[in-house]
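Comments concern the structure below.
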Amino acid sequence: MIDLIRKIIKEETEPKLIKECTIAAVRVGDGVVLAKNRDRGYKAKVEIVHELIDGVEVVYWRDIDTDWSEGMNEYGIGIVNSSLLVNQDEKEGKEVQKKRNNDATETKIKSYDGEKIRKALTYKTLPQVIKSIVGFSGKDKKDVGLKGETFVSDSNSVYVIEMTSKHSPIIKKLKKEKKVIVRTNHGIYHKNVGYVKGEKKKSSHMRLDFAKKHLEDVKTDKEVIDRLKQKYDKDPFLNPYRTKNMYNMQTTGQIMLNLEKKEVTVRMDNEMGEMVGIKNKLPKGHSPKIKVKVENEKTHHKGKKLPT
């Protein structure tokens with residue numbers, strides 16, 4: 001399978017959008033929780049979509065400007081991703097604003113990765129999902145596979161996939177006795193990718209260290225999303241949940257996937273995120289297998305205000 005995977009990987013020929021974030025997979029009780037802090041250089045407008053794709057029930061959050069999506073399916077399989085493509089991060093906010101002012105620029109910032117994740121969620125086993133993650137290109141035939149750090153998990157097993165346009169995918173299964181795995185924006189297996197120098201390298205490493213340390217003793221899914229929201233350093237750029245900073249890269253919201261309970265929780269930042277709505281596209285009479293929760297959030301001020 002690995003030989004086949006490597007054969008279909010092609011070098012990326014066009015710049016893609018940064019998905020700079022902190023992602024975590026945590027064993028809680030008898031299940032697994034996936035969580036993510038999503039950082040952008042603009043105020044993100046997000047919707048939640050609940051629908052059937054190829055006959056499979058899925059729930060995902062979707063950035064309406066870029067089509068970025070991630071979520072879970074009815075089989076309790078979830079996907080979250082963080083980018084290793086760091087040369088486009090400061091440019092994205094400007095491109096999104098141009099698109100909002102003039103729809104004709106939409107093709108300049110279109111992300112095909114949302115389609116890749118939605119397609120992967122149509123499969124009911126982890127091997128099928130992983131094969132899709134590393135081998136599906138969708139409409140953009142030049143760009144095969146989902147780049148960056150990707151967690152694919154059900155309520156029992158967690159897989160991490162590290163892949164770039166210039167590196168074949170490395171796929172690792174989290175050992176059963178290991179409770180927490182975290183990824184930010186630097187390569188773990190491919191050491192020379194992502195943030196590799198300066199303040200951004202420091203931020204990536206500190207966000208990973210903070211999140212990993214403070215998730216080790218959580219006992220509930222709510223603790224997972226709350227710990228990822230805490231302020232651990234006085235410099236806002238170094239925290240897993242980033243507020244206003246000189247690099248204009250802030251956390252716009254959080255998503256949490258409880259894969260055992262089949263629950264999706266979304267919490268948007270009041271300043272940098274906007275929940276534009278929930279689209280329930282399920283057929284009439286369909287009994288949903290996945291629950292959706294949207295929670296309010298209060299941003300930190302001097303380390304005091306916590307999420308509601």
Residue tally, condition under 18 Å from Leu34 (Cα atoms) and either out of contact with any Phe, Trp or Tyr (no Cβ under 6 Å at 6 or more places or on another chain) or among the polar types (S, T, N, Q) (or both), over the stretch 131-158: 12
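Per-residue answers, yes or no, for (1) under 30 Å from His286 (Cα atoms); (2) modelled with pLDDT of 60 or more; (3) in a strand (DSSP E or B):
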{"residue": "Leu4", "(1), (2), (3)": "no, no, no"}
{"residue": "Lys16", "(1), (2), (3)": "no, no, no"}
{"residue": "Thr22", "(1), (2), (3)": "no, yes, yes"}
{"residue": "Lys45", "(1), (2), (3)": "yes, yes, yes"}
{"residue": "Glu51", "(1), (2), (3)": "yes, yes, yes"}
{"residue": "Glu57", "(1), (2), (3)": "yes, yes, yes"}
{"residue": "Tyr75", "(1), (2), (3)": "yes, yes, no"}
{"residue": "Leu85", "(1), (2), (3)": "no, yes, no"}
{"residue": "Lys108", "(1), (2), (3)": "no, no, no"}
Hits in the stretch 150-185 (condition: under 25 Å from Thr243 (Cβ atoms), surrounded by fewer than 23 Cβ atoms within 10 Å (Cβ to Cβ) and of a type outside the set (A, V, I, L, M)): none
Residues that are among the polar types (S, T, N, Q) and closer than 19 Å to Lys213 by Cβ, drawn from the stretch 171-200: Thr184, Asn185
Residue in the stretch 231-253 that is of a type in the set (A, V, I, L, M, F, W, C) and assigned to a helix (DSSP H, G or I) present: yes
Qualifying positions in the stretch 199-242 - more than 18 Å from the chain's Cα centre (by Cα) and either open to solvent by less than 10 Å² (accessible area, probe 1.4 Å) or of a type in the set (S, T, N, Q) (or both): Val218, Thr220, Gln230, Phe237, Leu238
Residue check for Val96: modelled with pLDDT under 95, buried (at least 22 other Cβ atoms within 10 Å of the Cβ) and under 25 Å from Arg207 (Cβ atoms): yes
Matching residues, the stretch 278-294, being within 21 Å of the chain's Cα centre (by Cα) and open to solvent by less than 80 Å² (accessible area, probe 1.4 Å): Ile290, Val292, Val294
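The values are calculated or read from the model by the stated rules, or taken from the named source; none is laboratory data. None of the values given here were measured: they were computed from a predicted structure. Cβ: placed from backbone, ideal geometry, glycine included. Neighbour counts: every protein chain shown. These accessible areas exclude ligands, DNA and RNA; they are computed on the full protein's heavy atoms, side chains included. Shrake-Rupley method; radii C 1.70, N 1.55, O 1.52, S 1.80 Å.
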